[in-house]
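The values are calculated or read from the model by the stated rules, or taken from the named source; none is laboratory data. Just so you know, these numbers come straight off a predicted model, no measurement behind them. Don't worry about glycine lacking a Cβ; one is built from the backbone with ideal geometry, like all the others, and counts go over all protein chains shown. Calculation scope for accessible area: heavy atoms of the full protein, side chains included, ligands and nucleic acids excluded. Shrake-Rupley method; radii C 1.70, N 1.55, O 1.52, S 1.80 Å.
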Amino acid sequence: MRLGALAGLGAVSSIAVCGGELPVAEAESVGMSTERLGRIDVAMQRHIDAGKIQGAVTAVARRGNVVHFEAHGLMDVAAARPVSRDAVFSMMSSTKAVLGVAAMMMIEEGLIRPSDPVGKYIPELAEMQVAVLEDPADEDISPFGVDAKNPPAHRLVPAKTPITIHHLLTHTSGLMSGGLGAALSGRGKGARGTLASYIPTLGEVALDFQPGSRRAYSGTTGLDVVARIIEIVSGMPFDEFVQRRIFDPLQMNDTHYTLPPSKASRRVAIQGRDMSGWLGETTYFSGSVGLSSTAKDYLHFQQMLTNGGELFGRRLLSPRTVALMTSNHVANLPFPGRKGGPGRGAGYAVGVVTDPIAADSRRSAGAFGSGGAFGTISWSDPAEEIAAVIMLQQPYGAAIYDFENAVRQAIID
């Protein structure tokens, strides 16, 4: 049964695939068009037929009601097994938004402040150095895209200001963000042990630029430092913190760092990609990457944020804290590399649309969300009262664009 066609169910109902938690409504009852939401299915099938994606799960809620929830294509191409609505996806950097909520909880409770220097909690990171070119000697310039095997002549200079939690949450710290310092570190995706054992060793790493002077994406490290600080101030491992404080209240029952064997058959087998380095049991509970989850769980997560911090009668954050998290904190900062561009800003661990026209975005000004390298995208659009999720395991921009466009043009009031 398609959620877009709820004949016989009345205006509002609920279905097992949503866990009986988020209500399901006819699209027209919340100001959307059933017919136009059907264009999502057409677009996904077009990209599947073209061989650009193997499958997808798409979900849309408006005004707290699910109006679209569909599975498309194959979760295992070799076995010709269709995608199920409860398929499990590797979330990659979609993990970051969860870290953002965890950090805002600690900020609300007064256990940390955005302005806190990281060295207050991790002394090894109190006095950092910045890698810059050797010449010109009077400019602190650090290049990006450096060949780690043949780095240019360089020198190290003291950081002019300590790294703060604000810097980490906005990717303005310079820590492992793809520049000269990161290249010189020689660090990659190797085993890291635990947050407690690994994070202090980052004091040995040179920064890519002076903290707060620009923005560059720290894909797998910067937010891990925040996760370690949360462990310190909360007194519990980060995976336990997010389970108790976020996943359990939101009934995100299929979100895990280590996927239980009983759910292994639900994981999407990614066509043409070696996943051996990303899957399996872990003791390193990253705030940057590492979660596995479902469309349903992330729809719950985004709906909580769309609601201003509350879902299922459980308040995780205040509306004003959500506003702080999702405001643009990086206006006018230079931003080389990925994850930015005209009309886009950054909140705390989420991306923010500041100007939809300049950004060529189908979202409203003030919409925010996160995405993963394998194609998982979720966002909230408070102006339109929408939460939306698309789960792919091939990062195909055209499919993401078409989904967002179909959601946008299905709004009829």
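Observations, loosely collected:
- All positions within segment 181-204 that are under 13 Å from Ala148 (Cβ atoms) and either among the aliphatic types (A, V, I, L, M) or surrounded by 15 or more Cβ atoms within 10 Å (Cβ to Cβ) (or both): Gly181, Ala182, Ala183, Leu184, Ser185, Arg187
- Scanning segment 123-132 for any residue that is polar (S, T, N, Q), at pLDDT 95 or above and under 25 Å from Gly347 (Cβ atoms) turns up nothing.
- Annotation: of all residues in segment 202-256 being part of a helix (DSSP H, G or I) and of a type in the set (S, T, N, Q), the one that is nearest to Leu133 (Cα to Cα) is Ser234.
- Verdict on His167 being part of a helix (DSSP H, G or I) and either crowded, with 23+ Cβ neighbours inside 10 Å or in contact with a helix residue (DSSP H, G or I) (Cβ under 7 Å, 6 or more places away or on another chain) (or both): yes
- Only one of the numbered conditions (1) at pLDDT 95 or above; (2) assigned to a loop (DSSP other than H, G, I, E, B); (3) among the charged types (D, E, K, R); (4) over 28 Å from Ala331 (Cβ atoms) is not met by Lys160, and that is (4).
- Glu310 without any contact (Cβ under 8 Å) to a residue 24 or more places away in the chain and among the acidic types (Asp, Glu): yes
- Number of the exception - Ser370 against (1) within 23 Å of Ile390 (Cβ to Cβ); (2) in a loop (DSSP other than H, G, I, E, B): (2)
- Only one entry in Ala399, Ala383, Ala365 is surrounded by fewer than 23 Cβ atoms within 10 Å (Cβ to Cβ) and in a helix (DSSP H, G or I), namely Ala383.
- Any hit, segment 265-279, residues being touching a Pro at 6+ places or on another chain (Cβ under 8 Å), of a type in the set (Ser, Thr, Tyr) and not in a loop (DSSP other than H, G, I, E, B): no
- The set of residues in segment 352-362 that are surrounded by fewer than 22 Cβ atoms within 10 Å (Cβ to Cβ) and outside any loop (DSSP other than H, G, I, E, B) comprises Pro356, Ile357, Ala358, Ala359.
- Every pair of residues 6+ apart whose Cβ atoms lie under 7 Å, when the first sits in segment 105-132 and is under 24 Å from Glu310 (Cβ atoms) while the second is in a strand (DSSP E or B): Pro114/Thr164
- Members of segment 232-246 found to be open to solvent by 40 Å² or more (accessible area, probe 1.4 Å) and under 13 Å from Leu316 (Cβ atoms), listed by number: Arg244, Arg245
- Only a single criterion out of (1) more than 25 Å from Arg46 (Cα to Cα); (2) at pLDDT below 95 is not satisfied by Ile357, namely (2).
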